[in-house]
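The values are calculated or read from the model by the stated rules, or taken from the named source; none is laboratory data. Quantities reported herein were computed from a predicted structural model and do not represent experimental measurements. Heads up, the Cβs are rebuilt from the backbone with ideal geometry, glycines too, and the neighbour counts pull from every protein chain shown. Surface accessibility is based on the protein's heavy atoms, side chains included, excluding ligands, DNA and RNA. Shrake-Rupley method; radii C 1.70, N 1.55, O 1.52, S 1.80 Å.
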Amino acid sequence: MIIVMKSRAPQNQAAHVIQELEEKGLKPVPLYGVERTVIAVIGEERDLNIGHLESLKGVEKVMRVVKPYKLVSKEVKSEPTIIEVNGVRIGAKDELTIMAGPCAVESQELMDEVASKLSAMGVKIMRGGAFKPRTGPYSFQGLGKEGLEILRNSADKHGMAIITEILDVRDVEIVEQKADIFQVGARNMQNFELLKELGGTSKPVLLKRGLSATIEEMLMAAEYILSHGNPEVMLCERGIRTFEKETRNTLALATVPLVHELTHLPIIVDPSHATGKKSLIEPMTKAAIACGTDGVIIEVHANPEVAMSDAQQQMRPEEFSQLLENIKPIADAVGKSF
Ligand code: PEP
Ligand code: MN
């Protein structure tokens with residue numbers, strides 16, 4: 001059930017509704033929007049008296065939500081969620097968010113070089129995996145906590161923010177301290193304990209679509225984070241597993257406009273993991289922008305040939321710089337700048 005407060009209803013009216021719900025043993029989760037506050041109700045709501053709730057001061061309407069997700073849905077919040085990170089407004093209609101950096105944090109030298117080159121191109125958010133979810137246990141697993149330090153260090157030298165993957169609930173605290181955005185990888189999209197833990201943090205989360213997850217399952221995963229108190233979630237389409245073997249995954253671009261129809265959360269496209277092929281990254285980035293993506297996250301490595309992971313899909317800084325030039329006309333055409 002969703003309780004929609006009147007436009008600009010004072011906070012104490014929402015607080016009163018919340019208190020009543022708590023007294024009935026339910027868990028109300030308020031979502032404070034610019035226009036209005038919306039309260040999602042978690043728990044056994046069968047015995048709730050809708051008429052009574054609707055009569056409370058400041059309540060505009062009480063809705064039973066048919067969809068299995070509530071807080072992420074457009075029904076609950078019609079205006080888009082905008083997440084501010086390092087001056088970038090992720091999800092703003094007129095902005096295209098660019099995140100770039102190597103697949104994995106390999107060394108301070110690598111991160112310094114990439115940070116310096118990317119920041120010169122105007123990129124404000126750098127990616128880099130310190131904890132790597134590798135398919136095989138004998139592949140490079142990332143530098144872990146040392147990698148986080150390296151990433152923070154390089155980013156700070158150039159005024160950049162960082163996004164990095166979180167694999168384990170035990171690392172949430174340290175990653176929250178060091179990073180600006182948590183990345184939940186495809187393999188962890190339904191790690192519900194991790195999602196709940198991230199719901200209790202103060203940093204935004206980029207939630208990647210699972211390898212074989214439906215869009216509804218992705219939205220339900222996002223719902224876990226919001227319902228545990230963190231409204232700053234962006235979704236990420238990174239391709240899904242199909243019968244096609246020429247590309248690493250199949251980039252499901254319809255996700256972008258569909259997610260915009262269904263939710264207020266921003267959506268980011270990852271053409272690197274979606275295709276696994278350097279030559280496909282620019283055309284897929286252009287297509288993603290054309291269908292309304294809020295941003296892209298792209299792998300860039302100073303020397304891809306010797307990269308310790310995902311060598312075939314990482315772009316050189318010069319190639320990436322050219323990509324940024326080439327996508328400008330498409331971004332212009334849809335009214336976005338970066
Ligand atoms: C990554 O971005 O580093 C990554 C492992 O991607 P995914 O979770 O989409 O496979
Ligand atoms: Mn990678």
Is the range 83-333 rounded, prolate or oblate when judged by the Cα gyration tensor, a ≥ b ≥ c being the square roots of its eigenvalues, rounded requiring a/c under 1.5 and prolate requiring a/b larger than b/c?
rounded
Using a 1.4 Å probe on the protein chains only, how many percent of the accessible area of the range 2-63 belongs to carbon and sulfur?
49
Straight-distance crosslink candidates among lysines, where the alpha carbon sits under 25 Å from Lys124 and sequence neighbours closer than 8 are dropped
Lys93, Lys132, Lys145, Lys157, Lys178, Lys203, Lys208, Lys277, Lys278, Lys286, Lys328, Lys336
Once the Cα atoms of helix 278-290 and of the chain are each reduced to a long axis, what angle between those two axes, in degrees from 0 to 90 to the nearest 10, is obtained?
30
For the range 219-338, what number results from the quotient of the Cα radius of gyration and 2.2 N^0.38 Å?
1.12
Excluding ligands, DNA and RNA, what is the solvent-accessible area per residue of the chain at a probe of 1.4 Å, expressed in Å²?
43
Placing each pseudo-label 7 Å from Cα in the direction of the beta carbon, Asp168 and Glu261 end up separated by a distance in nanometres of 4.2
For the range 1-102, one quarter of the surface area of the C-alpha convex hull, expressed in nm², comes to 8.7
If the chain between Ser202 and His16 were fully extended at 0.36 nm per residue, the gain over the current Cα-Cα distance would be 64.5 nm
Counting only protein heavy atoms and using a 1.4 Å probe, what share of the accessible area of the range 292-332 belongs to carbon plus sulfur, as a whole percent?
49
Using alpha carbon centers only, the range 120-134 is separated from the range 157-195 by a whole-angstrom value of 12
Would you work out the relative contact order for the range 2-63, in percent, from Cα pairs under 8 angstrom that are 6 or more residues apart?
47
Summing -39500 (n - 2.57) over every DSSP H run of at least 4 in the chain, dividing by its residue total and rounding to the nearest 500, the 222 nm mean residue ellipticity is -10500 deg cm²/dmol
Extended-chain gain in nm, criterion 0.36 nm per residue less alpha-carbon gap, Glu216 and Glu84
45.0 nm
If ligands, DNA and RNA are left out, what is the accessible area of Glu325 with a 1.4 Å probe, given in Å² to the nearest 10?
100
If I take R0 = 22 Å and measure r between the Cβ atoms of Lys93 and Lys286 in this structure, what FRET efficiency does the formula 1/(1 + (r/R0)^6) give, to the nearest 0.05?
0.70
If you place +1 on the Cβ of every Lys and Arg and -1 on the Cβ of every Asp and Glu, how big does the dipole about the Cα centre of the range 87-222 come out, in debye to the nearest 20?
240
How many nm separate the modelled label positions at Lys27 and Asp47, each set 7 Å beyond the Cα in the direction of the Cβ?
1.9
Crossing angle, helix 108-120 versus the chain [Cα axis fit, 0-90 degrees, rounded to tens]
70
Explain nothing, just the number: dipole magnitude of the chain about its Cα centre with +1 on each Lys and Arg Cβ and -1 on each Asp and Glu Cβ, in debye rounded to the nearest 20.
500
Table column - 3J(HN,Hα) (Hz), the range 75-89, Karplus curve with 6.51, -1.76, 1.60, x for Gly and Pro
4, 7, 9, 7, 7, x, 7, 10, 10, 8, 9, 6, x, 8, 9
How far, in degrees from 0 to 90, does helix 215-227 lean away from the longest principal axis of the Cα atoms of the chain, to the nearest 10?
70
Reachable aspartates and glutamates, given that their alpha-carbon falls under 12 Å from the alpha-carbon of Lys6 and they are not under 8 places away in the same chain:
Glu35, Glu54, Glu60
